[in-house]
Amino acid sequence: MSLHLQPVHVATGSEDGDGQLVFADDFLVAVLVRLSDQHGADVGLWFLEAGFGLTSVARAPLFFDLDAAQDWIEGYLSSKRGSA
């Protein structure tokens, strides 16, 4: 599986607008958003704003950086594809 990120501005309705589209094998699987100052101690962390298909989860973790987010997405997709 090959992940590719593309920077994007996301209209979240808050100050969290710095985002990344995440593609897996050319399919959009997630939208990540960097948390703004309004999140206090979590500022700068990445949040799974939206997941599509197998990455659509009710409760996603916060990620320290984009590498951690990609690792989680890749691992999550791999585990779900293996169980499907």
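In a residue-by-residue description of the range 36-43, the property of being more than 19 Å from Gly13 (Cβ to Cβ) and among the polar types (S, T, N, Q) applies to no position. Taking the range 32-84 as the range and being surrounded by fewer than 13 Cβ atoms within 10 Å (Cβ to Cβ) and among the aromatic types (Phe, Trp, Tyr) as the test, only Phe64 passes. The number of residues in the range 4-28 that are surrounded by 16 or more Cβ atoms within 10 Å (Cβ to Cβ), assigned to a strand (DSSP E or B) and modelled with pLDDT under 95 comes to 2. Taken over the range 1-29, residues that are more than 15 Å from Gly51 (Cα to Cα) and either in contact with a His (Cβ under 7 Å, 6 or more places away or on another chain) or in contact (Cβ under 8 Å) with a residue 40 or more places away in the chain (or both) amount to 2.
The values are calculated or read from the model by the stated rules, or taken from the named source; none is laboratory data. Just so you know, these numbers come straight off a predicted model, no measurement behind them. A quick note on method: Cβ atoms are made from the backbone with ideal geometry, for glycine too, and the neighbour counts reach across all protein chains shown.
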